[in-house]
Amino acid sequence: MQTMQFGDLAGHPRRRGVVSRFFTRRRIASHVASVSATVDALVDDLVAEIERHGAADLQSMLSYRLPSISIARLLGLPEEEVASFQPHSLALAKLLEPRLPEQRLAEADDSFQTLRTYVERVIEARRRHPGEDLASHLVHVHDTDPMTLSRDELVSMFASIFVAGTMNTSNFIGNGLAALLTSPDSVARLRADPGLMGTAMSEMLRHDAPMQVTRRVTVADVELGGTKLPAGTELAVVLGSANRDPAVHTAPDSFLIGRSGPPPLSFGGGAYFCLGAAMAQQESALIFSKLVSRLPGLRLAGPPVHNLGSVLRGYLRLPVTADLGSAPDAGRRTGAGGRMS
């Protein structure tokens, strides 16, 4: 499967260019603006759940839902269809983990075949009725120039966008919120100084990267750290370890939202730097800002449940509560599209 994340270096600029032409600054800004009202609606649902039950699972109600909605809008697909593929995205994401049992591999294969069948239907639908969405863009590139994007690459690109766009972003949101909620002083600082949000997000990414390990293959003989590596050597690059290198980051195990210094490596680097990084960060900033401003006393309501992944790190459950009586606008309600009702 030739994806942007793991495809060969020779074909990578071609595949990456297909998607980067779609992600213009104007389109990203417009997309994030449309997501802002949706975040308010999701926070409304979270508030209502806390009011009814005293606590809510932030991971399932917000960290998972927003990336699914966002990817659905980018691809021009019904939101409920993308959300229904969450178990398949999770199964495919587990392929990145080492030493998977046969059952997990079989589940991932079944999930890819299910996703492939769905993608084939989407491709044919976009061919008949193109729009302004990413799916239409990819199909148009393939139909007008198959040398730029082959059929197999088209299907694989859809799959990688589904998985990376939902799993990585949901883990980024969940990991960042967990770090914030275990550091009450940080929440207070953000509420008092929203201008810290940029450095705070950088610290969230550094402190607990959603993707801890990536792979690289040497294309020539090279020496790394005094070790000679022949061409074709596969390397496991531990981003989480690099992000906590004491030679680069002072007090690397501490969560400091005002930290300065080099940016984290959580989105990769060089030719393989994550194309969706800017959008993921802007969407996540919306969530962090709205939760901090709208829910005073936001805090953990029980022990989080971690996925225990060694490559893709995140939470399965993140129970929270808040002091809703002291929140000036916690009682507001928005409609499904983010409109006040």
Would you mind stating whether Thr117 is open to solvent by 20 Å² or more (accessible area, probe 1.4 Å), more than 24 Å from His31 (Cα to Cα) and outside any helix (DSSP H, G or I)?
no
Search result, residues across region 181-206 that are aliphatic (A, V, I, L, M), over 16 Å from the mean Cα position of the chain (by Cα) and open to solvent by 10 Å² or more (accessible area, probe 1.4 Å)
Leu181, Val187, Ala188, Ala192, Leu196, Met197
The residue that is surrounded by the most Cβ atoms within 10 Å (Cβ to Cβ), considering only those in region 303-322 that are in a loop (DSSP other than H, G, I, E, B) and in contact with a Phe, Trp or Tyr (Cβ under 7 Å, 6 or more places away or on another chain), is Pro304
Taking region 95-104 and keeping only residues that are in a helix (DSSP H, G or I) and open to solvent by less than 70 Å² (accessible area, probe 1.4 Å), one is left with Leu96
Cβ-Cβ under 7 Å, sequence separation 6+ or interchain: first residue in region 258-275 and farther than 18 Å from Asn171 by Cβ and without any contact (Cβ under 8 Å) to a residue 40 or more places away in the chain, partner open to solvent by less than 50 Å² (accessible area, probe 1.4 Å) and not aromatic (Phe, Trp, Tyr). Which pairs?
Gly261/His249
Which listed residue is in contact with a Lys or Arg (Cβ under 6 Å, 6 or more places away or on another chain), within 28 Å of Ala277 (Cβ to Cβ) and either part of a helix (DSSP H, G or I) or touching a residue at least 12 places away in the same chain (Cβ under 8 Å) (or both), from Val32, Val39, Val82
Val39
Report yes if some residue within region 324-338 is buried (at least 20 other Cβ atoms within 10 Å of the Cβ) and modelled with pLDDT of 85 or more; otherwise report no.
no
Go through region 85-111 residue by residue and tally those that are of a type in the set (Ser, Thr, Tyr) and either in contact (Cβ under 8 Å) with a residue 60 or more places away in the chain or on the phi > 0 side of the Ramachandran plot (or both).
1
Take Gly131 and tell me if it is crowded, with 20+ Cβ neighbours inside 10 Å and not β-branched (Val, Ile, Thr).
no
Tally up the residues in region 125-145 that are assigned to a helix (DSSP H, G or I), within 21 Å of Arg73 (Cβ to Cβ) and out of contact with any Lys or Arg (no Cβ under 6 Å at 6 or more places or on another chain), please.
9
Determine whether Ala178 is on the phi < 0 side of the Ramachandran plot, free of Cβ contacts under 8 Å to residues at least 24 places away in the same chain and open to solvent by less than 70 Å² (accessible area, probe 1.4 Å).
no
Six or more apart or on different chains, Cβ under 6 Å: which pairs go from a residue in region 224-238 that's touching a residue at least 12 places away in the same chain (Cβ under 8 Å) and under 25 Å from Val311 (Cβ atoms) to one that's assigned to a strand (DSSP E or B) and among the charged types (D, E, K, R)? Could you list them?
Leu235/Arg216; Val237/Arg216
Looking at region 55-67, can you tell me whether even one residue there is open to solvent by 70 Å² or more (accessible area, probe 1.4 Å) and modelled with pLDDT of 90 or more?
yes
Selection from region 207-223 of residues in a loop (DSSP other than H, G, I, E, B), among the β-branched types (Val, Ile, Thr) and surrounded by 14 or more Cβ atoms within 10 Å (Cβ to Cβ) yields Thr218
Restricting region 285-302 to residues that are in contact with a Pro (Cβ under 8 Å, 6 or more places away or on another chain) and assigned to a loop (DSSP other than H, G, I, E, B), the one surrounded by the most Cβ atoms within 10 Å (Cβ to Cβ) turns out to be Ala301
Residues within region 155-184 that are within 21 Å of Pro303 (Cβ to Cβ) and either at pLDDT below 90 or of a type in the set (S, T, N, Q) (or both), tallied
6
Scan region 120-154 residue by residue and report those that are within 23 Å of Ile28 (Cα to Cα) and at pLDDT below 90.
Leu149, Leu154
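The values are calculated or read from the model by the stated rules, or taken from the named source; none is laboratory data. Just so it is clear, the structure is predicted and the values come from calculations on it, not from any experiment. Positions of Cβ are backbone-derived with ideal geometry, glycine not excepted, and every protein chain shown enters the neighbour counts. SASA here: full protein model, heavy atoms, side chains in, ligands and nucleic acids out. Shrake-Rupley method; radii C 1.70, N 1.55, O 1.52, S 1.80 Å.
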